[in-house]
Amino acid sequence: MKLTSVDDFVWRCMSDGRYWTFWELRDQIYKVTGNYYGEPTISAAIRNLRKEPARVKYKLPMMDEVIIKKRITGGKGYQYKLIGEKNG
């Protein structure tokens with residue numbers, strides 16, 4: 001699949017099954033693409049992964065939650081993990 005959108009890049013990063021922060025996603029996407037996206041854009045892309053078009057495109061479960069959110073221990077912010085068919 002050719003990656004063309006922020007949603008694509010966020011999905012690709014998160015499809016490894018580990019927890020990611022906004023900042024880690026931003027840095028990884030910048031490293032790969034040279035494009036800088038701020039927290040609001042990354043947040044929107046994570047939200048978009050929950051919507052039907054993304055579930056179909058990325059072959060994610062249609063009924064279950066696909067994003068786990070947990071507070072960063074001893075810090076500010078959250079970590080997000082994509083769960084689904086590839087990384088359960």
### Task
Would you mind checking which residues have amide H under 5 Å from I67's amide H? H placed 1.01 Å from N; only 5 or more apart, or other chain.
I83
### Query
So what J values fall out for segment 53-66 if you push phi through Karplus, 6.51 cos²θ - 1.76 cosθ + 1.60 with θ = phi - 60°, rounded to Hz, Gly and Pro as x?
x, 6, 4, 5, 4, 9, 6, 9, x, 7, 10, 8, 5, 10
### Message
If I histogram all Cα-Cα distances within the chain using bins 10 Å wide from 0, what percent of pairs lands in each bin?
### Response
17, 54, 27, 2
## Note on the structure
Diffing segment 6-22: the Karplus 3J(HN,Hα) column from phi (6.51, -1.76, 1.60, θ = phi - 60°), in whole Hz with x for Gly and Pro, holds 4, 4, 4, 5, 5, 4, 4, 4, 6, 6, 6, x, 9, 7, 10, 9, 3
### Query
For the chain, what is the mean residue ellipticity at 222 nm derived from helices alone (per DSSP H run of n ≥ 4: -39500 (n - 2.57); sum divided by total residues; nearest 500 deg cm²/dmol)?
-12000 deg cm²/dmol
### Query
Taking the chain as a Gaussian network, where each spring joins two C-alpha atoms under 10 Å apart, which residue of V56, V66, V32 fluctuates the most?
V32
### Query
Say each of I67 and N35 gets a label point 7 Å from the Cα, pointing the same way as Cα to Cβ; how far apart are those two points in nm?
1.8 nm
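Taken together, the values in this text are just the output of simple stated rules run on the coordinates, not laboratory data. Please read all numbers here as calculations on a predicted model, not as lab measurements. Virtual Cβ from ideal backbone geometry, glycine too; neighbours counted across all protein chains shown.
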